[in-house]
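For reference, the structure I am asking about is given below.
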Amino acid sequence: MLVAAHRALGAILYCLGAVAEAHTHFAQGIALYDPQQHRASVFLHGQDSGVLCCIFAAWALWYLGYPEQGLARSQEAVTLAQQHAHPYSLSFVLSMAAIFHQCRREVRLTQERAEAALSVATEQGFPLWIADGAILRGWALAQQGQTKEGIEQLHQGLTIHHAIGAGIFRPYFLALLAEAHSIIGEPEAGLTVLTEALTLADTTGERWYAPELYRLKGELLLKQNSANQAEAETCFQQAITIAQNQQAKSFELRAATSLARLWRQQGKHQEAYALLEPVYRWFTEGFDTADLKDAKTLLDALA
């Protein structure tokens, strides 16, 4: 029961943006978890709480700035779920693993996990994980140039979410749709979607993705009109502030990179370097991930 309690409380804290505290609960759940002893509890709770602690811990570790440790936890969670052969837990974990890889901007792995989740969920009739799988697969397709099909998949997944009354993660999923609109040069559509996402985040208190919502808004404003630089800068600053308050080092790095890139375009090279360099230097792992590579490339150019 304690494993289930730590998983539940950790998940709530994570959604609120209290991710460091959430990770403490996930770690406590993992420490208490015995895969053999607790297997029967799956039928009491409907899901394997120990496995879910692992996948949520993966999210939290990435969020807090430890992408490699997060990757190890994600792989552990998927392996355990496959071994236990409990379809609901497996589709749950595969969907969450797809989100983890999307956060790391790993398109191919996002698509693989999403399609695996879709396969199990469709066979078993789990509409929530069908929706999540479609959304994550849609994002991956859009990133690979199949933007029209990707947007269709994103809308299909969001429609199912709405139909079954699932509000959780909707701001995040809307952000993925806004990204797809950005790819095909539709910043106005993306900004409309982000307005809904930001309103939802404020209304429900689901703040874990808030830094990225503001960063994406800034990027879309710049795509919409080069005259929007001041408003975009405000968005990037908001993203950085929220990320710092939530100890979201990965989102802080991404937002600092966006702002430093804007400042470089404005000729403010020293300010840009002074902003980005200490955030990048904080990291001790994950230097092969897309965000850290982007930051390093920009720092080299600024130097």
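Among S182, P171, A57, which residue has its Cα furthest toward the positive end of the charge dipole of the chain, with +1 on Lys/Arg Cβ and -1 on Asp/Glu Cβ?
Going by the Cα projections, it comes out as A57.
Then there's this: Would you kindly work out the equivalent ellipsoid of the chain from its C-alpha gyration tensor and give its semi-axes, the square roots of five times the eigenvalues, largest first in whole Å?
33, 22, 16
Same structure again: Using only Cα atoms, find the angle between the long axis of helix 187-204 and the longest principal axis of the chain, and express it within 0 to 90 degrees, rounded to the nearest 10.
50 degrees
Quick one: pull the percent of accessible area on the stretch 1-142 belonging to carbon and sulfur, 1.4 Å probe, ligands and nucleic acids left out. Provide the component values of the computation, followed by the final result.
Numbers: 3080 of 5310 Å².
Carbon and sulfur atoms account for 58 percent of the accessible area of the stretch 1-142.
Leaving ligands, DNA and RNA out of it, report the carbon-plus-sulfur percent of the accessible area of the stretch 236-283 at a 1.4 Å probe. The partial results should precede the final answer.
Working: 960 of 2190 Å².
Carbon plus sulfur share of accessible area: 44 percent.
Right, another one. By average Cβ neighbour count within 10 Å, what is the ranking of 256-264, 206-214 from highest down?
Ranked by mean Cβ neighbours within 10 Å, highest first: 206-214, 256-264.
Quick one: net charge around A272, please, counting Lys, Arg +1 and Asp, Glu -1 for every other residue with C-beta under 13 Å from its C-beta.
Summing Lys and Arg as +1 and Asp and Glu as -1 gives -1.
Treating the beta-carbon of each Lys and Arg as +1 and of each Asp and Glu as -1, no other charges, what is the dipole magnitude of the chain about its Cα centre, to the nearest 20 debye?
Using Cβ point charges on Lys, Arg, Asp and Glu, the chain gives about 220 debye.
Report the dimensions of the stretch 110-189 along its three principal axes from the alpha-carbon atoms, largest first, rounded to Å.
Result, largest extent first: 38, 25, 15 Å.
Quick one: what do you get for the stretch 230-303 if you divide its Cα Rg by 2.2 N^0.38 Å? Before the final figure, lay out each step's value.
Numbers: Rg = 11.5 Å, N = 74, 2.2 N^0.38 = 11.3 Å.
Normalised Cα radius of gyration, the stretch 230-303: 1.02.
Next question. Compute the angle between helix 229-245 and the longest alpha-carbon principal axis of the chain, please, reported from 0 to 90 degrees and rounded to the nearest 10.
So the inclination is approximately 40 degrees.
Show me 85-91, 174-180, 222-228 ranked by packing, highest mean number of other Cβ atoms within 10 Å first.
174-180, 85-91, 222-228
Right, here's the next one. Give me the number: length gained by fully extending I164 to T192, i.e. 0.36 nm times residue separation minus the C-alpha to C-alpha distance, one decimal in nm. Don't skip to the answer; put the middle values down first.
On the way: separation 28, 0.36 × 28 = 10.08 nm, distance 2.34 nm.
This chain segment gains 7.7 nm when fully extended.
Additional query: Could you put M96, M1 in order of accessible surface area, largest first, with the 1.4 Å probe and the full protein assembly present?
From most accessible down to least: M1, M96.
Calculate, for the stretch 95-176, the solvent-accessible area per residue in square angstrom, rolling a 1.4 angstrom probe over the heavy atoms of the protein chains. Before the final figure, lay out each step's value.
Details: 3130 Å² over 82 residues.
Normalised by residue count, the accessible surface of the stretch 95-176 is 38 Å².
Calculated from DSSP H runs of 4 or more alone, at -39500 (n - 2.57) each and per residue, what is the 222 nm mean residue ellipticity of the chain, nearest 500?
Here the helix-only value at 222 nm equals -26500 deg cm²/dmol.
For the stretch 144-303, divide the Cα radius of gyration by the Kirkwood radius and give the resulting Rg/Rh value with two decimals.
0.99
Suppose a student asked you for the relative contact order of the chain, using Cα pairs under 8 Å spaced at least 6 residues apart; what percent would you report?
With pairs under 8 Å counted, the relative contact order is 14 percent.
Kindly express, to the nearest 10 degrees and within the range 0 to 90, the angle between helix 127-143's C-alpha long axis and the longest C-alpha principal axis of the chain.
Approximately 30 degrees, to the nearest ten.
The values are calculated or read from the model by the stated rules, or taken from the named source; none is laboratory data. Predicted model, so just to flag it, every value in this text is computed and none were measured. Counting neighbours? That spans all protein chains shown, and the Cβs are built from the backbone with ideal geometry, glycine included. In case anyone asks, the SASA skips ligands and DNA or RNA and just uses the protein heavy atoms, side chains included. Shrake-Rupley method; radii C 1.70, N 1.55, O 1.52, S 1.80 Å.
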